[in-house]
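K.L.:
Quick one: the structure is below, questions incoming.
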Amino acid sequence: MKNNKTKILIVLLAIMIIVNAVLLYFLYAEPERDNKENKRSALGVMLQDEIKFSPAQMVEYDTIKSKHRQDSRSIMQGMRDEKKQMLQNLAAANFSDSAIKATAIISAQNQARMEETMLTNLKKIRSICTAEQLQQFDTSFYKAMSKKRGRD
């Protein structure tokens, strides 16, 4: 009898642990995903709410954003692939000062390419603004970009 009670208690304890794990997952995992989505769409929210983009402009913005995301991922993958080779070259050169400098220059060029892609994307978004929206965009976009990165 005592053995059966112990088994029942163990089963109940296991069920409680599983239920608690599931509840913790839903309590902590879901809001993070929501916050991430909200941060990603800070510029879109600003365009819609503050700049007053029309539905047609929002569709065009979504197209530009999607293309930018695709281009950025491609560049980032290339940078990751190139970084491995750069670090191997650096090690092969015994971390000499000239090898460090060359690696830093290549890294800076890659970062510049990413920045140029981002700024070109902003230029494309700006190009779909009407004349009335341009002034508001020019004075507001940096606020949305700061929110996107978690800064105010």
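K.L.:
Can you check what the net charge comes to around Gln77, using other residues whose Cβ is under 14 Å from the Cβ of Gln77 (Lys, Arg +1; Asp, Glu -1)?
P.N.:
For residues surrounding Gln77, the net value is +3.
K.L.:
Checking understanding here: applying a Kyte-Doolittle mean of at least 0.0 and a length along the axis of at least 24 Å (C-alpha), which whole DSSP H helices in the chain pass?
P.N.:
Result, helices passing both filters: 2-40.
K.L.:
Still on this structure: Quick check: the distance between the Cα centres of the range 40-62 and the range 85-132, to the nearest angstrom?
P.N.:
Result: 28 Å between the Cα centres.
K.L.:
Using +1 at the Cβ of each Lys and Arg and -1 at the Cβ of each Asp and Glu in the range 41-152, identify which of Thr120, His68, Phe95 lies farthest towards the dipole's positive end.
P.N.:
Of the listed residues, the answer is Phe95.
K.L.:
Name the residue from Phe141, Ile10, Val59 whose Cα lies farthest towards the positive end of the charge dipole of the chain, charges +1 on Cβ of Lys and Arg and -1 on Cβ of Asp and Glu.
P.N.:
Ile10
K.L.:
Using +1 on the beta carbon of Lys and Arg, -1 on that of Asp and Glu, and nothing else charged, what's the dipole of the range 81-140 about the Cα centre, debye to 20?
P.N.:
100 debye
K.L.:
Among the listed pairs Lys83/Lys143; Lys52/Lys143; Lys83/Lys123; Lys67/Lys124; Lys84/Lys123, which have their C-alpha atoms separated by more than 21 angstrom in this model?
P.N.:
Lys83/Lys143; Lys83/Lys123; Lys84/Lys123
K.L.:
Given a 1.4 Å probe and every protein chain left where it sits, what share in percent of the accessible area of the range 78-150 is carbon and sulfur?
P.N.:
56 percent
K.L.:
Based on the Kirkwood radius over alpha-carbon pairs, what is the Stokes-Einstein translational diffusion coefficient of the chain at 10 °C with 1.306 mPa s viscosity, in µm²/s?
P.N.:
Approximately 79 µm²/s, per Stokes-Einstein.
K.L.:
If you average the sequence gap of Cα pairs under 8 Å that are 6 or more apart and divide by the length of the chain, what percent do you get for the contact order?
P.N.:
Worked out over the chain, it gives 38 percent.
K.L.:
Return one whole number: the accessible area per residue of the chain in Å², for a 1.4 Å probe.
P.N.:
Value returned for the chain: 76 Å² of accessible area per residue.
The values are calculated or read from the model by the stated rules, or taken from the named source; none is laboratory data. Owing to the predicted nature of the structure, the values given are computational and were not obtained by experimental measurement. Every residue, glycine as well, gets a Cβ built from its backbone with ideal geometry; the counts of neighbours run over all protein chains shown. Just the protein is used for accessible areas: all its heavy atoms, side chains included, with ligands, DNA and RNA removed. Shrake-Rupley method; radii C 1.70, N 1.55, O 1.52, S 1.80 Å.
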